[in-house]
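Step one of this worksheet: look at the structure below.
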C-alpha cells in the first residue's frame, strides 16, 4: 500500500514539474517577437497547441491554468507585461478573452486524436486555434463595444501568422506527440 501511495506522489510531483516547465516555455514564447506582416508574431499559440498535443488535455489545461494564475498574481508572464501592467489589472484588459481561449484551445488540441491525415490534422488545429480568437473577440467586443470593427482589430492582423503556426504544428505533429512518452 505504501508503494502505491509513493507512486502516486511521484506521479503528482512529475506532473507539477511538467506543468511548471510548460508554463515557463509559454511565458518565454510570449516575449519572443518575430517580425511578421502586418504585425509582429509571438509563438504563444503554437506553444499552446504543442502543450495540448504533447501533454494531453488534462495536463495541458493544468499547465495553461498555472500560466494564467502566474500572470494574475503578478508574474510578468503575459506578452505585454510588465510594460503594459501586471497582475489582475492586465489580465482583465483587452487580451483576457484570448488568454481564456488558451484553455479551450489546449483542451481540444489535447483531446483530439491525430492520425497521419495531414488535412484532418490541420483542420483540428485550425479549430483549436480559432477558439482563442472567438473567445478573444467576444471579450474585446464586450470591452470596447460592438460598434467597433472587432474582427479587423482582434483577428485579421494575426491570420497569416496563425496559419503559419498551424502549419508548423501540423507538419511536426508526430514529433510533438512523442513528448507524451517522457511524461
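The values are calculated or read from the model by the stated rules, or taken from the named source; none is laboratory data. All values derive from a computational prediction rather than experimental measurement. Reconstructed Cβ throughout: ideal geometry from the backbone, glycine too, with neighbour counts over all protein chains shown.
Numerical summary
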quantity	calculated
So residue 88, is it exposed (fewer than 15 other Cβ atoms within 10 Å of the Cβ) and closer than 29 Å to residue 12 by Cβ	yes
Filter result (in a helix (DSSP H, G or I), over 18 Å from residue 167 (Cβ atoms) and free of Cβ contacts under 8 Å to residues at least 40 places away in the same chain) within segment 90-127	90, 91, 99, 100, 101, 104
Of all residues in segment 128-161 being touching a residue at least 60 places away in the same chain (Cβ under 8 Å) and within 25 Å of residue 58 (Cβ to Cβ), the one that is surrounded by the fewest Cβ atoms within 10 Å (Cβ to Cβ)	129
Pair list, Cβ under 8 Å, 6 or more apart: segment 56-74 residue on the phi > 0 side of the Ramachandran plot and touching a residue at least 24 places away in the same chain (Cβ under 8 Å), other residue in a helix (DSSP H, G or I) and surrounded by fewer than 18 Cβ atoms within 10 Å (Cβ to Cβ)	56/180
Matching option when the condition is under 20 Å from residue 33 (Cα atoms) and either in contact with a strand residue (DSSP E or B) (Cβ under 8 Å, 6 or more places away or on another chain) or modelled with pLDDT of 95 or more (or both), among 95, 129	129
Residue match in segment 14-26 (condition: closer than 27 Å to residue 141 by Cβ, crowded, with 18+ Cβ neighbours inside 10 Å and modelled with pLDDT of 95 or more)	yes
